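So the structure is just underneath, and the comments pick up after that.
Any read-out appearing in this document is the output of simple, stated calculations on the displayed coordinates, not a laboratory observation. Since this is a predicted model, take the numbers as computed values, not measurements. We place every Cβ from the backbone using ideal geometry, glycine too, and count neighbours over all the protein chains shown.
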Ligand SMILES: [Zn+2]
């Protein structure tokens, strides 16, 4: 099984090795430098992991073949889970009687999908993107009645939860970084 819909995208294939489901990302022909040094390739690796359930091992096939260690897989898995939470939030319906529902900055489909893209394409810049969104939303004045205000509050709570999840993830990554066995 392989996907190569976009030009320049990293192709991937799935295979079974013993009891392990192995996803191999081919970064020989893509224009990137591979997930270890190229955020675009890393984003595609995460998208592939998000699209395929239950992958145990990720192999990056570039000029040399690299297998991601267990600790690395755990970090990627957590990023995929957080991306899944953002997708879930993006599917929520905006309030029915909101007059500005097509222009509102709180449209879940736009807001949370943009955050998901930011997380997967460049996780390091995610906190800054979040801060920017939260500041913009705090500056919004809801004039369209109680449904709008409710949506505004609920969105603020969702963003707080996502920010907390990301903080936990960052702490987890730092902890993993210190678990080096020589
Ligand atoms: Zn690539």
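Place a label point 7 angstrom from the Cα of residue 105 along the Cα-to-Cβ direction, then list the residues of the range 149-181 whose backbone nitrogen is under 19 Å away. Residues passing the 19 Å test: 149-163.
Relative to the longest principal axis of the Cα atoms of the chain, helix 108-121 runs at roughly 30 degrees.
The fraction of all Cα pairs in the range 27-159 landing in successive 5 Å bins from 0 to the largest distance is 2, 9, 18, 19, 15, 11, 9, 7, 5, 3, 1, 0, given as whole percents. Using 0.36 nm per residue and subtracting the Cα-Cα separation, the extra length available between residue 173 and residue 74 on full extension is 34.7 nm. The angle between the Cα long axis of helix 70-90 and the main principal axis of the chain comes to about 30°, on a 0 to 90 degree scale. Against the chain, whose longest principal axis is taken from its Cα atoms, helix 146-177 shows a tilt of about 30°. Which FRET efficiency value, to the nearest 0.05, is calculated for residue 124 and residue 164 with the Förster distance at 22 angstrom and r the Cβ-Cβ distance? E between residue 124 and residue 164, to the nearest 0.05, is 0.75.
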